[in-house]
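The values are calculated or read from the model by the stated rules, or taken from the named source; none is laboratory data. Given the structure is predicted, the values throughout are model-derived calculations rather than measurements. Here the Cβ is made from the backbone with ideal geometry for all residues, glycine too, and neighbour counts use every protein chain on show. Ligands, DNA and RNA are stripped out before the accessible areas are found, and what is left, the full protein with its side chains, is counted by its heavy atoms. Shrake-Rupley method; radii C 1.70, N 1.55, O 1.52, S 1.80 Å.
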Amino acid sequence: MTTTMFDQIFGLPVHALVVHAAVIFAPLLAALSIAYAVLPRVRHRLDWALVATALAALASVFAAKESGERLEHRMFGGRVPEAIEVHSGFAGILLPLTALMTVVSLALVWLTRARRAPVGTGPRAAVLAVSAVAVILAVAVGYYAVRTGHTGATAVWGA
């Protein structure tokens, strides 16, 4: 039998280990992105935290989704319960939203840092537009992170 990177670690399902990182980093990315977008005075304090959180959120959501698919295949093969299908559907939306949120967050940091440079000035309209997109995406990422986590917990532990 072959195993994959997202299957097991020391006999434990990888999903059970990495899902907690996704549950932490995706909502944290949403919160930091909103703070960064709407509180210009504290941006300089949040630059690297937002960059690191964006990358950690994307990596952890990706790992959670991939390991969840491996666990689903291992446990159910072709007969997946409806609760797992619902959970998987939310995860399928959360991953691309988190990827987009990561790109927008990195762009926002880049744009605002360019505006703070003594010589360079990023266009104010671009900063405002990207900030608005960041807030909208943050709300979506937060929503889908909560829905994905809740449906997963309900599928495992019941109502």
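Numbers for the structure displayed
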{"item": "Filtered residues of the range 59-80 (kept if open to solvent by less than 60 Å² (accessible area, probe 1.4 Å), charged (D, E, K, R) and part of a loop (DSSP other than H, G, I, E, B))", "result": "none"}
{"item": "Residue in the range 81-88 that is charged (D, E, K, R), crowded, with 17+ Cβ neighbours inside 10 Å, at pLDDT below 95 and within 20 Å of the chain's Cα centre (by Cα) present", "result": "no"}
{"item": "Criterion: at pLDDT below 95 and either within 23 Å of GLY89 (Cα to Cα) or in contact with a Pro (Cβ under 6 Å, 6 or more places away or on another chain) (or both) - qualifying residue of ALA140, ALA126, ALA145, ALA153", "result": "ALA153"}
{"item": "Residue in the range 124-142 that is crowded, with 19+ Cβ neighbours inside 10 Å, touching a Gly at 6+ places or on another chain (Cβ under 8 Å) and not acidic (Asp, Glu) present", "result": "no"}
{"item": "Search result, residues across the range 27-58 that are touching a residue at least 12 places away in the same chain (Cβ under 8 Å), among the small types (Gly, Ala, Ser), open to solvent by 20 Å² or more (accessible area, probe 1.4 Å) and within 19 Å of TYR143 (Cα to Cα)", "result": "ALA31, ALA56"}
{"item": "Residues that are surrounded by 16 or more Cβ atoms within 10 Å (Cβ to Cβ) and of a type in the set (Gly, Ala, Ser), drawn from the range 1-26", "result": "ALA21, ALA22, ALA26"}
